[in-house]
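Read the structure below first, then the notes.
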Amino acid sequence: MRFRWRLVAPSPRSMSNWWGRWMGCRWMRSMRLPHVHRHTRFRRSWPMGLRAMVERGAGAIAVCCAGDFPDIDCGAPVLYPGRLLAGISGAVAANRRIGVVSPIESQMESARKNWERDGFSVAITYASAFKRDEFERAARVMSDSSLELVVLDCMDHTAADRDEFARLCGRPVLAALPLTAQVASEIIGG
């Protein structure tokens, strides 16, 4: 059986970013989702939308946001990038002292709370994947040698961004997008 993947994103901007960045990815197929303008509306329509995708043949679902989302049983595996990041970070960072890079300044406090709730000691900053000055500033902030790992906590950061950030800050770096793609590849056997 060949898996068909559907991707779910919380905003039209995320949808366009994913399409542009993942155009060549072999597991992105037939993405036909309505634009969802509010995160809260997205959460209310979440179960129905995922079940509909599975009914149309999706073998698994990848959420296109590293935020915090509720569990849902939709009949197929659901990849939550934020949970993947937390799990791998916990396995890699023995002392649980990490740096977290939020996509925008207004999300820093909620990101801190989420990571601290998961048992991490967090140094936090923000950087858009599309603003080079923020990216470089954040790398300087995250160059602290006490950090075991830095997490780019947004799906906009690519593998190239991860590599460049690691070069700039001198710390190991995880990024939501390439990590989710690797796990998806493992699930679908490719």
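The values are calculated or read from the model by the stated rules, or taken from the named source; none is laboratory data. The structure presented is a predicted model; accordingly, all values stated were derived computationally and were not measured. Ideal geometry is used to build each Cβ from the backbone, glycine not excepted, and the neighbour counts take in all protein chains shown.
Taking residue 51, is it in contact with a strand residue (DSSP E or B) (Cβ under 9 Å, 6 or more places away or on another chain) and farther than 16 Å from residue 188 by Cα?
Criteria not met by residue 51.
Answer yes if at least one residue in region 32-40 is modelled with pLDDT of 85 or more and in a loop (DSSP other than H, G, I, E, B), and no otherwise.
no
From (1) out of contact with any strand residue (DSSP E or B) (no Cβ under 6 Å at 6 or more places or on another chain); (2) in contact (Cβ under 8 Å) with a residue 12 or more places away in the chain; (3) of a type in the set (D, E, K, R), pick out the condition that doesn't hold for residue 148.
Going through (1) out of contact with any strand residue (DSSP E or B) (no Cβ under 6 Å at 6 or more places or on another chain); (2) in contact (Cβ under 8 Å) with a residue 12 or more places away in the chain; (3) of a type in the set (D, E, K, R) one by one, residue 148 breaks only (1).
I'd like the full set of residues that are more than 17 Å from residue 92 (Cα to Cα) and of a type in the set (Val, Ile, Thr), limited to region 125-184.
If the condition is that a residue be more than 17 Å from residue 92 (Cα to Cα) and of a type in the set (Val, Ile, Thr), then 125, 141, 158 are the ones that fit.
Determine the pairs where a residue that is closer than 14 Å to residue 149 by Cβ, located within region 121-135, has a partner that is in a strand (DSSP E or B) with Cβ atoms under 7 Å apart, the partner being 6 or more residues away or on another chain.
121/97; 122/98; 122/100; 123/99; 124/100; 124/102
Any idea which of (1) under 19 Å from residue 181 (Cα atoms); (2) under 18 Å from the mean Cα position of the chain (by Cα) is the one residue 76 doesn't satisfy?
Checking residue 76 against (1) under 19 Å from residue 181 (Cα atoms); (2) under 18 Å from the mean Cα position of the chain (by Cα), the one that fails is (2).
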